[in-house]
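Read-outs throughout are calculated quantities, based only on the coordinates presented, and are distinct from any laboratory measurement. Nothing here was measured: the structure is a model prediction, and the numbers come from that model. Because the Cβ atoms are built from the backbone with ideal geometry, glycine has one as well, and the counts that use them run over all protein chains shown.
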Amino acid sequence: MIELQAKEMTVLELMTTIAAARKFVAAARQQGKSIGLVPTMGYLHEGHLTLARTAREQNDVVMMSIFVNPTQFGPGEDLERYPRDLERDRKLAAGAGVDAIFAPAVAEMYPPGYATYVQVEGLTEVLCGASRPGHFRGVATVVSKLFNIVQPDRAYFGLKDYQQAVVIKRLVRDLNFPVDIITVPTVREPDGLAMSSRNKYLDPDQRRSALALYRALNLGAELIRSGERRAAVVREAMAGEILARPGTRVDYVAVNDAETLAPLEEIKGRVLLALAVWVGNTRLIDNLTLEVKDDVAHHDEK
Ligand SMILES: Nc1ncnc2c1ncn2[C@@H]1O[C@H](COP(=O)(O)OP(=O)(O)OP(=O)(O)O)[C@@H](O)[C@H]1O
Ligand SMILES: CC(C)(CO)[C@@H](O)C(=O)[O-]
Ligand code: BAL
């Protein structure tokens, strides 16, 4: 008990084994403390730190996981070159009020003989799930493992990965995990580009082209606000905005139902505008949600 109080006042704890993470959590629980978990793949930016600060406000103890999860990367994706810098992350996390980092090695999470995966059906067959087969199976698996290891009261996810947040809410509901999922709005650079660890891959020309995602989302929202209700027309205008920038390639442009994630023909209700765009060799995603009520479109980030 005394040990945990001392830790709270000093530097952040780094744990690399499941046993150490469980011990830390058990000590907090014994003192009746609530636990917030912020799952990440590291190389922290303001998006992650906003999740951490939100968790700090709502919980007695904040644990962040940093794990570049191999099971959510497909063959030929950027698993090996994904940016990693644990020392830098450690300082940034401490500054945002994180108490402990859980940063396991791959073999700790997936020892030889590992055989169990979690599949959320339906919601994972569209958008990023269609472009990255197996991606959400890997996400659902590692998030389930993290929930079982940490047993947090609350877990924090960014709306930049909108589909991921929807999938995790379903996972929690379907598998009865006793955890509240808290979503946090997308944090952007001053010019509107959504913060992402992968922005590091962009050279200055590509960084300029990357603004196409935010511009296209705003164009789509503007069309809907001015009365356009044909999803195909909105999709086409958004794709045109992207392709006007050099070095870009559309993976998908979607105008979908924000709850079911199913593609729309006619725009109504809670609407998700979502994009995945290649800028050179870097795949970026972004999205925006709108509520079309009584035929008026309202900005909405839930
Ligand atoms: N710009 C952002 N605003 C809010 N939350 C974010 C933002 N970027 C990432 N997050 C959230 O942080 C958590 C960890 O994400 P992750 O470590 O994959 O970062 P990332 O920057 O999204 O990486 P990448 O874009 O390379 O996938 C996720 O819940 C994700 O939604
Ligand atoms: C939730 C997550 C940490 C699982 O690896 C990852 O998909 C991410 O960083 O968004
Ligand atoms: N933020 C989603 C993690 C990934 O792209 O694999």
**Asked** Sorted by average packing, counted as other Cβ atoms within 10 angstrom per residue and highest first, what order do 253-263, 68-78 take?
**Response** 253-263, 68-78
**Request:** Select from ARG56, ARG81, ARG22 the residue whose mean-square fluctuation is largest in a Gaussian network model of the chain (Cα-Cα springs shorter than 10 Å).
**Result:** ARG81
**Prompt:** Quick one: helix 135-150 against the long Cα principal axis of the chain, what's the angle to the nearest 10°, folded into 0 to 90?
**Reply:** 30 degrees
**Asked** If amide H atoms are built 1.01 Å from N in the plane of the peptide, which residues on other chains or at least 5 residues away come under 5 Å of the amide H of ARG188?
**Response** MET195
**Message:** If you fit an axis through the alpha-carbon atoms of helix 204-225 and take the longest principal axis of the Cα set of the chain, what angle between them do you get, 0 to 90°, nearest 10?
**Reply:** 70 degrees
**Item:** 3J(HN,Hα) from dihedral phi, region 59-75, Karplus parametrisation 6.51/-1.76/1.60, rounded to Hz, x for glycine, proline
**Value:** 9, 6, 10, 10, 10, 10, 9, 10, 7, 7, 7, x, 6, 9, 9, x, x
**Request:** Would you grab the residues whose amide H sits under 5 Å from the one on ALA262? Only those 5+ places off in sequence or on another chain, please, with H modelled 1.01 Å from N.
**Result:** ASP257
**Request:** Calculate one ³J(HN,Hα) per residue across region 277-282 by plugging θ = phi - 60° into the Karplus curve 6.51 cos²θ - 1.76 cosθ + 1.60, and present them in order as whole Hz with x for glycine and proline.
**Result:** 9, 8, 10, x, 9, 10
**Complete:** Note on the chain: contact order normalised by length, alpha-carbon pairs under 8 Å, 6 or more apart, percent, works out to 15 percent
**Item:** GLU228 long-range amide H proximity, modeled H, under 5 Å
**Value:** none
**Modelled FRET efficiency - R0 51 Å, LYS293 with GLU46, Cβ distances, 0.05 increments** = 0.95
**Item:** region 2-184: radius of gyration over Cα atoms, expressed as a fraction of 2.2 N^0.38 Å
**Value:** 0.99
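So what is the relative contact order of region 197-299, in percent, for Cα pairs below 8 Å that sit 6 or more residues apart?
Once normalised by length, the contact order is 27 percent.
Given the rule -39500 (n - 2.57) for each run of at least 4 DSSP H residues, summed and divided by the residues of the chain, what is its mean residue ellipticity at 222 nm, to the nearest 500 deg cm²/dmol?
-12000 deg cm²/dmol
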**Request:** Note the angle between two axes, namely the Cα long axis of helix 86-95 and the longest principal axis of the Cα atoms of the chain, as a number of degrees from 0 to 90, rounded to the nearest 10.
**Result:** 90 degrees
**Asked** Working out 0.36 nm times the residue gap between ARG81 and GLU108, then minus their Cα-Cα distance, what length gain in nm do you get to one decimal?
**Response** 7.7 nm
